[in-house]
Amino acid sequence: MSDIYLLQRNNVYYFRIKVPKDLVPFINRREIWKSLKTNHHRSARTAALKLLYHTERLFLHVRSGMFSKAEIKKFRRPLIRPP
């Protein structure tokens, strides 16, 4: 994984990914940002890889149309604070 999903601000790493345009109405965000709560690059990469896996699964599930809005909210809850 390259570091394209990592961003460092004030010595803390963040995970950042753009939400595909077709999924924005379901996710209610254009981007997902999450603090990785570390200033160590290696730890941040590991955490970002896990979050990338979960966000890609979220995108796949939303696109499949198999889940209700309530199920989508439950699945995205660990990734995104409510708007």
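The values are calculated or read from the model by the stated rules, or taken from the named source; none is laboratory data. Note that this is a predicted model, so its numbers are computed, not measured. When we count neighbours, we look across all protein chains shown, and the Cβ atoms used for this are built from the backbone with ideal geometry, even at glycine.
The table that follows gives values for the structure above.
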| item | result |
| --- | --- |
| Filter result (surrounded by 15 or more Cβ atoms within 10 Å (Cβ to Cβ) and over 18 Å from Ile4 (Cα atoms)) within segment 31-58 | Leu58 |
| Residues satisfying the stated conditions in segment 15-50, i.e. basic (Lys, Arg) and outside any loop (DSSP other than H, G, I, E, B) | Arg16, Lys18, Lys21, Lys34, Arg42, Arg45, Lys50 |
| Asn28 being more than 16 Å from Gln8 (Cβ to Cβ) and surrounded by fewer than 17 Cβ atoms within 10 Å (Cβ to Cβ) | yes |
| Qualifying positions in segment 1-25 - in contact (Cβ under 8 Å) with a residue 40 or more places away in the chain and within 30 Å of Gly65 (Cα to Cα) | Met1, Tyr5, Leu6, Val19, Asp22, Leu23 |
| Unmet requirement for Tyr13, which otherwise passes all of (1) at pLDDT below 95; (2) touching a strand residue (DSSP E or B) at 6+ places or on another chain (Cβ under 8 Å) | (1) |
| Test: residue in segment 34-45 that is over 11 Å from the mean Cα position of the chain (by Cα), at pLDDT 90 or above and among the hydroxyl-bearing types (Ser, Thr, Tyr) | yes |
| Only listed residue being in contact (Cβ under 8 Å) with a residue 24 or more places away in the chain, among the basic types (Lys, Arg) and surrounded by fewer than 16 Cβ atoms within 10 Å (Cβ to Cβ), chosen from Arg63, Arg76 | Arg63 |
